[in-house]
Protein chains: 2
Amino acid sequence: MIDSEIPRDHPRYASLVTRHRIEAGVERGITSKQGLIAQGRGEAFDYLLGERTLPSADAAARAAAAHLLSANRPVISVNGNVAALVPEETIALAGVVGADLEVNLFNRTEERMEAIADHLHAHGATEIKGLTGDGEIPGLAHARGTVDADGIESADVVVVPLEDGDRAEALAAMGKTEIVIDLNPGSRSPRTADVPIIDNVLRAVPNMTAHARELADASPAELQAIRETFDPEATLAAAERAIREGEFADEE
Amino acid sequence: MIDSEIPRDHPRYASLVTRHRIEAGVERGITSKQGLIAQGRGEAFDYLLGERTLPSADAAARAAAAHLLSANRPVISVNGNVAALVPEETIALAGVVGADLEVNLFNRTEERMEAIADHLHAHGATEIKGLTGDGEIPGLAHARGTVDADGIESADVVVVPLEDGDRAEALAAMGKTEIVIDLNPGSRSPRTADVPIIDNVLRAVPNMTAHARELADASPAELQAIRETFDPEATLAAAERAIREGEFADEE
C-alpha cells in the first residue's frame, strides 16, 4: 500500500497514513523500536481526542507560526518518527518560515542519523544539520545532548516534535522559545513548552505551514500580539478536557 | 537489562518490565511491528488508568477464573505480545485451571508460530497447540480463522488476551464463552467478551491465577454464583470512568 492508495476523504485517513509511513520508516532504518511504541501511545491519545485538530491546537499552531516568523534563528528538530511521518511537510514548513532542519535523535547512532538525512534529501531538503555534532545542550548525558553549534545550540526558537521530557526541559533551561508537538497533554515536553501543540504531527505540521503562509505579510506588531495572547496552560487544559469528554469507540 | 535488575517495588515496575520484555520479543522474532504499536497503545491506556488493577478488573479476573474452573475444554490463546510479555504467567494459569495453550496469530507465519512455540517450551510448557491448523473460526479470511480442531475450535471457554475485534466477534458467534484482556474499554474485543478484563496482561494473568488457586475448592454452585453475578457492562463503565477521572501526569 502506498499513501496515494488511501482515499483522502477516508474518515481515518491520518491514522492509516500514519501507520503505513511509520512501518516504512522501520524498513528504512529510520524508526526505532522505541519509535513504534511511541507511535502506539500517540495513536491511543489521538483516538481519545477524536483524531481531529482541536480549536485550541489550531490556536497553538498559529502562535507557533508567529514565533517562527519572528525568530532570528529558528530550527526544526527532526527525529526518526518525524522523518518517517512528515518528511515533505516538515521541509515545507522550514521553507515557509526560513528555519533550518536538524536531525536530532534520542538514541543517536551515525547509521540512523545518515538514514534520516538521506530520507530528507530524497524528499527535497537541501541542507540538513545535526551530523556535525559540535555543540551541546548542557545538563544532558553526552549522546543525548549532542547538537550542532550553528544549529539547535544557537537557535532562538526551536520546534521539537515528539521530544522527550528531559531534553525539552534542558532546551527550555537554555532560554530558547520551545514549540512542542505531542498528543499527550500530560507529558513533560508539552508542559515545558512555550507553545504546546496537542495534535498529530500529520495534522499539526501542515497546519503550522498554512498559518505561516497566511501570516507571511503580518506586521511585527501583529505577530507579537498573536504570540503574547496565546496561553499554553489553556491549550493543555482544553486537550485534557477533550480527552475526558471524548467518545470511547473502537480504535481499529 | 534483565527483568531481575528492575526492583519489584519500583513504582513503574510493570511498565519497565513490559517494555523490556516486548523489545526482547522483537529480537526473538516473536513480537511484530504491529505488536510494538499495540504495546504503545496499551501503555497510553494503562497510564490513564494509573497503571493499577481497578477493583472492577479484579472482579472480572475472579469471574474469568470461575469460568475457566467450570469449563469442559478451556483454551488460552497466545499471540506474539502475550508470549513476549507473560510466557511463564500464562503457562502457570493454564496449569492451575487445566487449560490448553494455543498459539494463534493475527498475522500467521510458520516462522513466528514456531518461534512462539519454542519460547513457550523454553519457559516450561509441555504441549502447545496451534501449529496443526486443521480447524477454523467461521466467518474470517483463511489465515485469520485458522485454529486447531481439538483446540480453539472445540473449546467452550477461551481466553483471548489482546485480541482483535473481528476475531473476538467471530469467536462469540461460535457460542464460546470469551474472556478478553485489553486496556481500552472502548475496543470491540472487550465489548464483545462475556468477561472483559480491562487491565495490563502483566497484572491480569497472575491475578487470574491467584483467583483460580483460591477458588480451587469452591463448589459448582459457588463458581456459578461468581459467574452469574459478574456484570460485563459495569466493568467496562468503571474503566471508562477511571480513565476520564484519572490524573494526567508524565508517562516517561
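The values are calculated or read from the model by the stated rules, or taken from the named source; none is laboratory data. Everything numeric here is computed off the predicted structure, so don't read it as measured data. Every residue, glycine among them, receives a Cβ derived from its backbone with ideal geometry; neighbour counts consider all protein chains shown.
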Assuming B:E178 fulfils every condition listed in (1) under 18 Å from B:L68 (Cβ atoms); (2) in contact (Cβ under 8 Å) with a residue 60 or more places away in the chain; (3) not β-branched (V, I, T) apart from one, which condition is it?
(2)
Quick one: count up the residues across the stretch A:110-142 that are under 16 Å from A:G80 (Cα atoms), of a type in the set (G, A, S) and in a loop (DSSP other than H, G, I, E, B).
2
Out of (1) under 16 Å from A:Y13 (Cβ atoms); (2) surrounded by fewer than 24 Cβ atoms within 10 Å (Cβ to Cβ), the one A:D58 does not meet is (1)
Filter the stretch B:203-236 down to residues that are charged (D, E, K, R) and more than 27 Å from B:S187 (Cβ to Cβ) and give me whichever is surrounded by the fewest Cβ atoms within 10 Å (Cβ to Cβ).
B:D217
With respect to A:V195, is the statement that it is within 14 Å of A:V78 (Cα to Cα) and at pLDDT 95 or above true?
no
When the stretch A:191-230 is checked residue by residue, the ones that are among the basic types (K, R) and either outside any helix (DSSP H, G or I) or within 14 Å of chain B (Cβ to nearest Cβ) (or both) are A:R191
Looking at the stretch B:143-151, can you tell me whether even one residue there is away from chain A (no Cβ under 14 Å), of a type in the set (A, V, I, L, M, F, W, C) and out of contact with any Asp or Glu (no Cβ under 9 Å at 6 or more places or on another chain)?
yes
Does A:E233 meet the test of being in contact (Cβ under 8 Å) with a residue 40 or more places away in the chain and within 14 Å of chain B (Cβ to nearest Cβ)?
no
Of everything in the stretch B:77-93 that's among the small types (G, A, S) and buried (at least 22 other Cβ atoms within 10 Å of the Cβ), which residue is farthest from B:G29 (Cα to Cα)?
B:S77
Residues of the stretch B:190-200 classified as surrounded by fewer than 24 Cβ atoms within 10 Å (Cβ to Cβ) and among the β-branched types (V, I, T), total
1
When the residues of the stretch A:136-155 are narrowed to those that are modelled with pLDDT of 95 or more and surrounded by fewer than 19 Cβ atoms within 10 Å (Cβ to Cβ), which ends up nearest to A:M174 (Cα to Cα)?
A:S154
Residues (under 17 Å from the mean Cα position of the chain (by Cα), farther than 25 Å from B:H211 by Cα and small (G, A, S)) located in the stretch B:33-62
B:G35, B:A38, B:G40
Odd one out for B:M113, checked against (1) under 18 Å from B:K33 (Cα atoms); (2) surrounded by 21 or more Cβ atoms within 10 Å (Cβ to Cβ):
(2)
Selection count, the stretch B:143-183, where residues are in a loop (DSSP other than H, G, I, E, B), over 12 Å from the mean Cα position of the chain (by Cα) and closer than 20 Å to B:I128 by Cα
6
Filter the stretch B:37-94 for residues that are of a type in the set (A, V, I, L, M, F, W, C), within 14 Å of chain A (Cβ to nearest Cβ) and farther than 21 Å from B:K129 by Cβ and give the result.
B:I37, B:A38, B:A44, B:F45, B:L48, B:L49
Would you pick out the residues in the stretch B:1-32 that are modelled with pLDDT under 75 and within 16 Å of the chain's Cα centre (by Cα)?
B:A14
Qualifying residues in the stretch A:160-190 (those that are closer than 23 Å to A:P87 by Cβ and hydrophobic (A, V, I, L, M, F, W, C)) - the one nearest to the other protein chains (Cβ to nearest Cβ)
A:L183
Say we look at the stretch B:166-182 and pick out the residues that are within 21 Å of B:T235 (Cβ to Cβ) and small (G, A, S); which of these is surrounded by the fewest Cβ atoms within 10 Å (Cβ to Cβ)?
B:A172
Which of the helices (runs of 4 or more DSSP H) contained wholly in the stretch A:43-109 include at least 2 residues that are of a type in the set (V, I, T) and either over 30 Å from B:G35 (Cα atoms) or touching a Phe, Trp or Tyr at 6+ places or on another chain (Cβ under 8 Å) (or both)?
A:87-97
